[in-house]
2 protein chains.
Amino acid sequence: MDIIKSCFTNYGFQPIETPSFENSETLMGKYGEEGDRLIFKILNSGDFLRKVNDVMMTEKDSIKITSKISEKALRYDLTVPFARYVVQHQNDITFPFKRYQIQPVWRADRPQKGRFREFFQCDADVVGSKSLWQEVELVQLYDAVFSKLKLNGATIKMNNRKILSGIAEVIGAEDKLIDFTVALDKLDKIGEDGVKKEMREKGISESAIEKVQPLFSMQGTANEQLESLKDLLSASQVGMQGIEELSFIINKVSQLGLETATLAIDVTLARGLNYYTGAIFEVSAPEGVSMGSIGGGGRYDDLTGIFGMKDVSGVGISFGLDRIYLVLEELDLFPSTVTANTKVLFINFGEAESLYAMKAIKQLRAKGINAELYPDNAKMGKQMGYADKRDIPYTILAGGNEMEAGTYTLKNMKSGEQDTVQLNGVIQILS
Amino acid sequence: MDIIKSCFTNYGFQPIETPSFENSETLMGKYGEEGDRLIFKILNSGDFLRKVNDVMMTEKDSIKITSKISEKALRYDLTVPFARYVVQHQNDITFPFKRYQIQPVWRADRPQKGRFREFFQCDADVVGSKSLWQEVELVQLYDAVFSKLKLNGATIKMNNRKILSGIAEVIGAEDKLIDFTVALDKLDKIGEDGVKKEMREKGISESAIEKVQPLFSMQGTANEQLESLKDLLSASQVGMQGIEELSFIINKVSQLGLETATLAIDVTLARGLNYYTGAIFEVSAPEGVSMGSIGGGGRYDDLTGIFGMKDVSGVGISFGLDRIYLVLEELDLFPSTVTANTKVLFINFGEAESLYAMKAIKQLRAKGINAELYPDNAKMGKQMGYADKRDIPYTILAGGNEMEAGTYTLKNMKSGEQDTVQLNGVIQILS
């Protein structure tokens, strides 16, 4: 999270946090029927049944009673609270508004491996500008974060809603678009004939399949692929606009260069179809790691419309923190101690020795070296065991001899080596 | 929070986080009747009324029905979840266990100025050691945090539950102890006679008041005050033990020295009387700032007893983040921008110029300089206004001339000064 945050501010994004609670009406109806069910509702306090009439009590209709006994709910994602925030503070916000938000969300799902009832979401969005430079920056931002995490070889896949609209025009039916992209997505696995067979089964016409023939041979560089798309969608105005947008982004990114990620066109990418209006992003983990997407996002032209503020274009990306965590773990990319661990433990030999130790500890701490004293004059084995279990790399043994000489015996817990040095020496070794 | 966290790890405390939800039975009954009422309950999902029988539905008893329709609740403080955590993970934890926790808690209070339904608590505790060195360290930790926050002149007041028990013995009744300390606390305001009058009104006997006469003349250094206490409590074994503990802590702290805080004895300090068993801490803001305590804590010998794990002694302190925030604000101690703000905004003059800008931005970001491009080729005034409103200290104007010469015109937004330099010059100025 620290790495992600530092990249966000490096790119000019500012943090916001919103309350855990939203009014129920802010959330309900925004995530579909399934979503409504999975929203955690907070029971009103006090005599919450007072507002429920006796007829309703007899009916025992849980759904009907909910709105009478619960007015607040826990946030379900960061997007809707963000939209509410933008609308509410529209007069105080400087647009374009670049914000990031890393907070937990809650979902009343059955908990299982990799699915929690409370988990962190991590979003970066810009609202109030239609500039495609934002998309360019978000690709760079993905690249920066994954490079800093040493998660080299991530693929940032891009598509554009307008290209999908163009394809829908070509195949003659928007309602077949999902079936179409799902089938096309299997090209690598089941081959051209397999895909075409599936398309026919889904009711896509022979003439439509013929028209989109170029999609089956999308190969070569991004620019070559864009040329294929131009051939295919030349008759569709919206489709051509999508290609132009995608070209701009790919072109600029290629001129600026990426560190470790790869940017690729994927016309089968259709996430958030009813939501995104322009660019669509999805990030897949480095090859060889079996994990779904570790990030995604896109441009939406009407985030705040649900709250009555029209025509606010935005574009955003999110990071799948839980999955990124699992990938880092699988690839053994976490440092052995992520949090700043204690660097040195002073062994406790009694009161006078402890005071001697505490004076040194004070100096070490002032130098930013994390140090602690074992609190009790316990057996040596127990104290050493504590250092071991806590992964503390150094111990200091300072008894009567050291006190007299004004020295400290510093033990490297890994190598077992010991050095008797003055405090300056300790600071030098531990810094 | 960053400063507090860095001090915590500097002192060997490790972070833990617990889920927002606890089982209702974990929380209920732990905070008294008022607390039970203020705990936010989560409505069960699905058909939550199924488990409620028809008789209960007709009765409409909100309290009785609560446990049938709600199994989870939001954490109310960090102490009970921590106790639950220690008991649950007792076999995996290395004791003494030094943990800190900074997380929001929720209370169904009526929101008002300075009181929120969601707010952060910030605790540091050590469990599994009775060593008084922990108390010494916690005093140092308070001093370190407040000094780093530049909140100089905080007073760390200390008392000991055992001294209070000794006083109770002397006045002849434990049940009068609160009345006694409340009255004594007014010594500065209403004088010795006023205090004695109030004590008599509360039913404290004349002979008791006579016996505790030394408390009215507690003056001088900490050591002199400790001597007065010894005279007073010489007949009370528990009282003398409390004095010994307090002496140890005050002595050691004085030998180690504090940076900016003052440690003081306050025998009227009785917070958490039913909870603390040894040291009691309370921190007051620097003189002249009207604010209640900005921190407090103490030693408890039975934190985990409520969950069936006996004899685990612990000692902890908490920081009142909201109040500390208000004090810092009142004393104007916050830096002008707390979060890492954008250092430089590149003005957008069009596509070619933007690409030129983005190439420079990439270099600046790699050097850790937070930089951004205004996304649209808007009017200069609008772009400059954005930099102003965002408090961005520098802008860069790079048009055709600069592009040709490979330079950048850097404008200091405060002084209005402009310099046309190469990228290295920009990096040098902004670093």
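A short reminder: the numbers here are calculations on the coordinates, not readings from a lab. This one's a predicted model, so the numbers in the text were calculated from it and none came from an experiment. We place every Cβ from the backbone using ideal geometry, glycine too, and count neighbours over all the protein chains shown.
Structure values in brief
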quantity: Sites A:PHE307 and A:LYS130 - FRET efficiency at Förster radius 30 Å, r taken between beta-carbons, to 0.05; calculated: 0.90
quantity: Long-range HN-HN contacts of B:THR277 with modeled amide H, under 5 Å; calculated: B:ARG299, B:TYR300, B:ASP301
quantity: Residue-wise HN-Hα coupling along the stretch A:236-244, computed from phi with Karplus coefficients 6.51, -1.76, 1.60 (Hz; x: Gly, Pro); calculated: 9, 5, 5, x, 5, 5, x, 4, 4
quantity: Pairwise FRET efficiency - A:GLU417 versus A:ALA378, Cβ, R0 = 35 Å, nearest 0.05; calculated: 0.90
quantity: Theoretical FRET efficiency, 1/(1+(r/R0)^6), r = Cβ-Cβ of A:THR262 and B:THR221, R0 56 Å, to 0.05; calculated: 0.20
quantity: Derived scalar couplings ³J(HN,Hα) [the stretch A:253-263; Karplus, 6.51 cos²θ - 1.76 cosθ + 1.60; whole Hz; x for Gly, Pro]; calculated: 4, 5, 6, 8, x, 10, 7, 9, 8, 10, 9
quantity: Cut-off 9 Å between beta-carbons: net charge of the residues surrounding B:VAL52, Lys and Arg +1, Asp and Glu -1; calculated: +3
quantity: Within-12-Å neighbourhood charge of A:ASP302 [Cβ basis; K, R +1; D, E -1]; calculated: 0
quantity: Relative contact order (%) - chain A, alpha-carbon pairs under 8 angstrom, separation at least six; calculated: 14 percent
quantity: Lysines whose Cα lies under 18 Å from that of B:LYS230, excluding same-chain neighbours fewer than 8 positions away; calculated: B:LYS162, B:LYS211
quantity: Prolate/oblate/rounded label for the stretch B:267-360 (Cα gyration tensor, a/c 1.5); calculated: oblate
quantity: Ascending count of other beta-carbon atoms within 10 Å, so fewest first, for B:TYR386, B:TYR374; calculated: B:TYR386, B:TYR374
quantity: Model label zone, A:GLU33; criterion: amide N under 16 Å from point 7 Å along Cα-to-beta-carbon; scope the stretch B:26-60; calculated: B:46-47
quantity: Order of B:VAL315, B:VAL212 - criterion: other Cβ atoms within 10 Å of each residue's Cβ, fewest first; calculated: B:VAL212, B:VAL315
quantity: Segment A:ILE427-A:LYS389, length gained on full extension (0.36 nm per residue, minus Cα span); calculated: 11.3 nm
quantity: Within straight-line cross-link reach of B:LYS362, lysines at Cα separation under 16 Å, skipping those fewer than 8 residues along the same chain; calculated: A:LYS148, A:LYS252, B:LYS343
quantity: Test item: Cα-centred dipole of the protein assembly as shown, Lys/Arg +1 and Asp/Glu -1 on Cβ, debye; calculated: 400 debye
quantity: Qualifying lysines (Cα of each under 29 Å from Cα of B:LYS60; at least 8 residues distant if same chain); calculated: A:LYS41, A:LYS51, A:LYS60, A:LYS64, A:LYS68, A:LYS72, B:LYS30, B:LYS41, B:LYS51, B:LYS68, B:LYS72
quantity: Estimated vicinal HN-Hα couplings, Hz - the stretch B:75-82 in sequence order (Karplus 6.51, -1.76, 1.60; Gly, Pro = x); calculated: 4, 9, 8, 9, 6, 5, x, 5
quantity: Shape category assigned to the stretch B:339-406 from the gyration tensor of Cα positions, a/c cut at 1.5; calculated: oblate
quantity: Alpha-carbon centroids, the stretch B:135-182 and the stretch A:177-218: separation in whole Å; calculated: 76 Å
quantity: Anisotropy class of the stretch A:378-431 from Cα gyration tensor, a/c 1.5 cut; calculated: oblate
quantity: If the convex hull is drawn through the Cα atoms of the protein assembly as shown, its volume per residue in Å³; calculated: 220 Å³
quantity: Across the identical copies, how the B:ARG271 labels are spaced - nm, sorted shortest first, 7 Å along Cα→Cβ; calculated: 4.7
quantity: Student exercise, the stretch B:340-430 dipole from Lys, Arg, Asp, Glu Cβ charges, in Debye to nearest 20; calculated: 320 debye
quantity: Residues whose placed amide H lies under 5 Å from that of A:GLY295, excluding near-sequence neighbours; calculated: A:VAL283, A:GLY320
quantity: Pseudo-label separations to other copies for B:ALA378 - Cα-to-Cβ vector, 7 Å, nm; calculated: 6.1
quantity: Max mean-square fluctuation residue, GNM over chain A, Cα-Cα springs under 10 Å, options A:LEU149, A:LEU27, A:LEU397; calculated: A:LEU397
quantity: Choice from A:ASP391, A:ASP266, A:ASP231 showing the highest fluctuation, given a GNM over chain A with Cα pairs closer than 10 Å; calculated: A:ASP391
quantity: Teacher prompt: B:MET1 distances to equivalent labels in other copies, 7 Å Cα→Cβ, nm; calculated: 0.7
quantity: Within a Gaussian network of chain A (alpha carbon springs, distance under 10 Å), most fluctuating of A:GLY298, A:GLY191, A:GLY350; calculated: A:GLY350
quantity: Sorted by Cβ neighbour density within 10 Å, fewest at the top, the residues B:LYS230, A:LYS252; calculated: B:LYS230, A:LYS252
quantity: Interchain or long-range residues, amide H under 5 Å from A:GLY12's placed H; calculated: B:ALA371
quantity: Cα lying deepest toward the dipole's positive end in the stretch B:309-431, options B:ILE369, B:PHE334, B:ILE429, charges on Cβ; calculated: B:ILE369
